[in-house]
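Colleague: Here it is: the structure, laid out below.
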Amino acid sequence: MEVIAAAGLAAFLVTTGVMHFLTPDYFRTLVPAWFRRQRLLVSASGAAEIVVGVLVLVPRTRAAGSLSAAVLVTCYLVSHVDAVRRARPDRPRLLERPVGAVARLVVNVLYIVWAVAVARSGP
């Protein structure tokens, strides 16, 4: 079961990282407007997710990679908390409404829990 959880986490990270480069406009919408250099942040976080995903996939570096994934996704919480703060019920996109913004935050907390669980399961 631990191998499946690690492989799933690795696949999730690598896929999401690649998507940062294939659909950068979408990921820029997730970056708070007050952050500068949104394009650079999207590219850097995408590259980081790919590298961390590969670390999770390799048994020898799995624990370090999984903890790195937890730290990386924890950094993203700034964006999700900002989305909750800015959410309004009349917004057209679900992720911009309170329920969608809170769901986004909760899902990211679950990603952190997943990464920590993989790190604790050992190689």
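The values are calculated or read from the model by the stated rules, or taken from the named source; none is laboratory data. For clarity, every value in this text was computed on a predicted model and none was experimentally measured. Note: ideal-geometry Cβ built from the backbone for every residue, glycine included; neighbour counts use all protein chains shown. When the accessible area is computed, the model is the full protein with side chains, heavy atoms only, and any ligands, DNA or RNA have been set aside. Shrake-Rupley method; radii C 1.70, N 1.55, O 1.52, S 1.80 Å.
Colleague: May I ask you to verify whether TYR26 is without any contact (Cβ under 8 Å) to a residue 12 or more places away in the chain and among the hydroxyl-bearing types (Ser, Thr, Tyr)?
Modeller: Considered against the rule, which asks whether it is without any contact (Cβ under 8 Å) to a residue 12 or more places away in the chain and among the hydroxyl-bearing types (Ser, Thr, Tyr), TYR26 comes out as yes.
Yes/no per residue for (1) open to solvent by less than 50 Å² (accessible area, probe 1.4 Å); (2) closer than 27 Å to ASP82 by Cα:
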residue	(1), (2)
MET1	no, no
THR15	no, yes
HIS20	yes, yes
PRO32	yes, yes
GLY46	yes, yes
GLY65	yes, yes
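Colleague: Moving on to the next point. Just for region 73-82: of the residues that are within 18 Å of SER43 (Cα to Cα) and hydrophobic (A, V, I, L, M, F, W, C), which one is most open to solvent (accessible area, probe 1.4 Å)?
Modeller: Applying the filter and picking the extreme gives CYS75.
Colleague: To continue, here is another question. When residues of region 35-44 are filtered for being exposed (fewer than 15 other Cβ atoms within 10 Å of the Cβ) and either of a type in the set (Gly, Ala, Ser) or at negative phi (or both), how many remain?
Modeller: 5
Colleague: Oh, and also: Out of the residues in region 83-123 that are closer than 21 Å to PHE27 by Cα and of a type in the set (D, E, K, R), state the one that is least open to solvent (accessible area, probe 1.4 Å).
Modeller: Checked region 83-123; the qualifying residue least open to solvent (accessible area, probe 1.4 Å) is ARG104.
Colleague: While we're looking at this one, here's another question. Those residues that are more than 11 Å from LEU30 (Cα to Cα) and either touching a helix residue (DSSP H, G or I) at 6+ places or on another chain (Cβ under 7 Å) or not β-branched (Val, Ile, Thr) (or both), I need them from region 65-76; list them, please.
Modeller: GLY65, SER66, LEU67, SER68, ALA69, ALA70, LEU72, VAL73, THR74, CYS75 - these are the residues of region 65-76 that are more than 11 Å from LEU30 (Cα to Cα) and either touching a helix residue (DSSP H, G or I) at 6+ places or on another chain (Cβ under 7 Å) or not β-branched (Val, Ile, Thr) (or both).
Colleague: Then there is this: More than 17 Å from the chain's Cα centre (by Cα) and in contact (Cβ under 8 Å) with a residue 24 or more places away in the chain, is that true of PRO59?
Modeller: yes
Colleague: Would a scan of region 3-12 turn up a residue that is within 13 Å of the chain's Cα centre (by Cα), more than 21 Å from VAL81 (Cα to Cα) and open to solvent by 40 Å² or more (accessible area, probe 1.4 Å)?
Modeller: Yes, some residue in region 3-12 is within 13 Å of the chain's Cα centre (by Cα), more than 21 Å from VAL81 (Cα to Cα) and open to solvent by 40 Å² or more (accessible area, probe 1.4 Å).
Every residue, every condition in (1) of a type outside the set (Gly, Ala, Ser); (2) under 25 Å from LEU22 (Cα atoms), yes or no:
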residue: ALA47; (1), (2): no, yes
residue: ILE50; (1), (2): yes, yes
residue: LEU67; (1), (2): yes, no
residue: VAL73; (1), (2): yes, yes
residue: VAL78; (1), (2): yes, yes
residue: LEU95; (1), (2): yes, yes
residue: ALA101; (1), (2): no, yes
residue: TYR111; (1), (2): yes, yes
residue: VAL116; (1), (2): yes, no
